[in-house]
Amino acid sequence: MHTAQQTLRSSEKQNPRVIIACQVMKPELDHLSGDNPHIEIRYLDQNMHERPAQMPAVVQAEIDAVEAYAGQVILGYGLCSNGIVGVKAPRQGMIIPRVHDCITLFLGSRAAYEKVFYEQPGTYYLTPGWVEERKDPLGYMESAYVPKMGREKAEWGIKEELKNYTRIVMIDTQSADMGPLRKIAQENARFLGKTYEEISGMQDYFRQILFGPYPEADFIHLQPGDIMQQEMVIDP
């Protein structure tokens, strides 16, 4: 005879909580989720941030792909240059972090982000996922700028692009081996002539994305058919 708890567990396996997230969050989400059979994480290419106008269609396609079987659908995205504006919630509804960009998620809360943003506005942040994907300034320069314009112009271009930043901060999210990542981050700081610092991130927001709860102060709750709008990120 099945108990109610066994029935719930069976339902969770058949209808998992599906997280659709940016690849840059993979170290943190994989570290926290482990082999949980009730959670499915689908990662999308971080390069979409370079084409924010095209992001909603790609994210929507992923939402549509899981609608038939997901128990819940949660986005692992902030507003991200309006990259998720216009996506429509599936029949399950949808939950989205109430943040403007992903740095808030790595720092653990909006309060933590606002504190460092106002105290040190000229900060360029790196995370394990950004560095592993070679999306740090030097990695991006090598892959995107050097092939197009040659090394001399590429080096000038990346320095000019980041000239208003005063420091590079690596966020340690306790989800990856920091040794090799730290070396790359420090190399960026030296090359760009910036101060290097390392701070501890928090896993709270990522844990909530995976396991809940989803308070409205921190998460947008879309009902079935609702369309994501920019103003929804503002406090409820």
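Going by how many other Cβ atoms sit within 10 Å of their own, how do M141, M55, M149 line up, fewest first? The partial results should precede the final answer.
On the way: M141 20, M55 23, M149 13.
In increasing order of surrounding Cβ atoms, one gets M149, M141, M55.
Using the Cα centre as the reference, give the magnitude of the dipole from point charges on the C-beta atoms of segment 110-200 (Lys, Arg: +1; Asp, Glu: -1; all else neutral), rounded to the nearest 20 debye. Show your work: numbers first, answer last.
Numbers: 14 positive and 15 negative charges, 47 e Å.
About 220 debye.
Among the listed pairs K115/K159; K115/K183; K153/K194; K26/K135; K135/K194, which have their C-alpha atoms separated by more than 22 angstrom in this model? Don't skip to the answer; put the middle values down first.
Values: K115/K159 27 Å; K115/K183 27 Å; K153/K194 20 Å; K26/K135 14 Å; K135/K194 17 Å.
Checking Cα-Cα distances, K115/K159; K115/K183 exceed 22 Å.
I want the local charge near Y145. Using Cβ-Cβ distances under 14 Å, sum +1 for each Lys or Arg and -1 for each Asp or Glu among the other residues.
On the way: positive: R134, K135, K148, R151, K153, K159; negative: E50, D136, E142, E152, E155, E160, E161.
Neighbour charge sum, excluding Y145 itself: -1.
What is the distance in Å between the Cα centres of segment 36-87 and segment 116-163?
Segment 36-87 and segment 116-163 have Cα centres spaced 25 Å from each other.
Under a 10 Å cutoff between Cα atoms, tell me which one of V116, V59, V169 has the largest fluctuation in the Gaussian network model of the chain.
V116
Of E155, E119, E187, which is the most mobile in a GNM of the chain whose springs link Cα atoms less than 10 angstrom apart?
E119
Based on a Kirkwood Rh over C-alpha pairs, give the Stokes-Einstein translational diffusion coefficient of segment 110-200 at 10 °C and viscosity 1.306 mPa s in µm²/s. Write out the running numbers ahead of the final one.
On the way: Rh = 13.7 Å.
D, rounded to a whole number, is 116 µm²/s.
Just the number: Rg to Rh for segment 148-204, Cα atoms, Kirkwood Rh, two decimals.
Numbers: Rg = 13.6 Å, Rh = 12.8 Å.
The Rg/Rh ratio comes out at 1.07.
Just the Cα atoms of the chain, one point each, no solvent: what log10 I(q)/I(0) does Debye give at q = 0.08, 0.12, 0.13 Å⁻¹?
-0.33, -0.72, -0.83
If you line up the long axis of helix 4-14 against the longest principal axis of the chain, both from Cα atoms, how many degrees apart are they, to the nearest 10?
Computed tilt is about 50 degrees.
If R₀ is 22 angstrom, what is the calculated FRET efficiency for the pair D30 and M178, using the beta carbon separation as r and rounding to 0.05? Don't skip to the answer; put the middle values down first.
On the way: r = 16 Å, r/R0 = 0.73.
Computed FRET efficiency for D30 and M178: 0.85.
Taking only Cα atoms of segment 164-235, what ratio of Rg to Rh do you get with Rh as the Kirkwood inverse-distance radius?
Values: Rg = 17.8 Å, Rh = 15.4 Å.
In segment 164-235, Rg relative to Rh is 1.15.
What residues qualify as long-range amide H neighbours of G76, i.e. H under 5 Å apart, gap of 5 or more or another chain, H built at 1.01 Å from N?
I20, A21, C22
GNM, the chain, Cα, under 10 Å: largest mean-square fluctuation among K159, K26, K148?
Looking only at K159, K26, K148, the biggest GNM fluctuation is shown by K148.
Please list, ordered by chain and number, the residues whose modelled amide H lies under 5 Å from the amide H of I41; skip anything fewer than 5 residues away on the same chain.
Here I19 satisfy the definition.
How large is ³J(HN,Hα) for each residue in segment 110-120, as worked out from phi by the Karplus curve 6.51 cos²θ - 1.76 cosθ + 1.60 (θ = phi - 60°), to whole Hz, x for Gly and Pro?
5, 5, 5, 5, 4, 4, 6, 5, 7, 7, 9
Tell me, what ³J(HN,Hα) does each residue in segment 57-73 have, in order and in whole Hz, if you take phi through Karplus 6.51 cos²θ - 1.76 cosθ + 1.60 with θ = phi - 60° and put x for Gly and Pro?
Using θ = phi - 60°, the values come out as 5, 5, 5, 4, 4, 5, 4, 4, 5, 9, 4, 5, 10, 5, x, 9, 10 Hz.
Going out from 0 in 10 Å bins, what whole percent of all Cα-Cα distances in segment 54-189 drops into each bin?
All Cα pairs considered, the percentages come to 10, 30, 33, 21, 5, 0.
Hey, what's the Cα Rg ratio for segment 14-106 versus the globular rule of thumb, 2.2 N^0.38 Å?
Details: Rg = 12.5 Å, N = 93, 2.2 N^0.38 = 12.3 Å.
Working it through for segment 14-106, the quotient is 1.02.
Divide by every residue of the chain the summed helix terms, -39500 (n - 2.57) for each DSSP H run of at least 4, and state the resulting mean residue ellipticity at 222 nm, rounded to the nearest 500 deg cm²/dmol. Please list the in-between numbers first.
Numbers: 11 runs with 93 residues, N = 236.
Rounded to the nearest 500, the figure is -11000 deg cm²/dmol.
Where in segment 42-144 are there trypsin sites (Lys or Arg not before Pro) that are in a DSSP coil and have at most 15 other Cβ atoms within 10 angstrom of their Cβ?
Numbers: sites: R42, K88, R91, R98, R110, K115, R134, K135; in loops: R91, R98, R134, K135.
Filter output for segment 42-144: R91, R134.
Between R167 and A111, what FRET efficiency follows from the Cβ-Cβ distance if R0 is 22 Å, with the result rounded to 0.05? Can you show the working numbers first?
Values: r = 21 Å, r/R0 = 0.95.
Using R0 = 22 Å, I get an efficiency of 0.55.
Report the calculated FRET efficiency for E231 and M149 (r = Cβ-Cβ distance, R0 = 45 Å), to the nearest 0.05. Walk me through the numbers on the way to the answer.
Numbers: r = 39 Å, r/R0 = 0.86.
Result of the calculation: an efficiency of 0.70.
Against the longest alpha carbon principal axis of the chain, how many degrees, from 0 to 90 and to the nearest 10, is the axis of helix 151-161 turned?
70 degrees
Calculate the radius of gyration of the Cα atoms of segment 81-135 to one decimal place, then report Dmax, the largest Cα-Cα distance, as a whole number, both in Å.
14.1, 42
Before anything else, pin down the relative contact order of segment 110-200: Cα pairs under 8 Å, at least 6 apart, normalised by residue count, whole percent. Don't skip to the answer; put the middle values down first.
Numbers: 94 pairs, mean separation 31.8, N = 91.
This gives 35 percent for segment 110-200.
FYI, it's all coordinate maths here, none of it is from the lab. Just so we're clear, the structure is a prediction, and the values are computed from it rather than from any experiment. Neighbour counts are summed over all protein chains in view; Cβ atoms, including those assigned to glycine, are modelled from backbone coordinates with ideal geometry.
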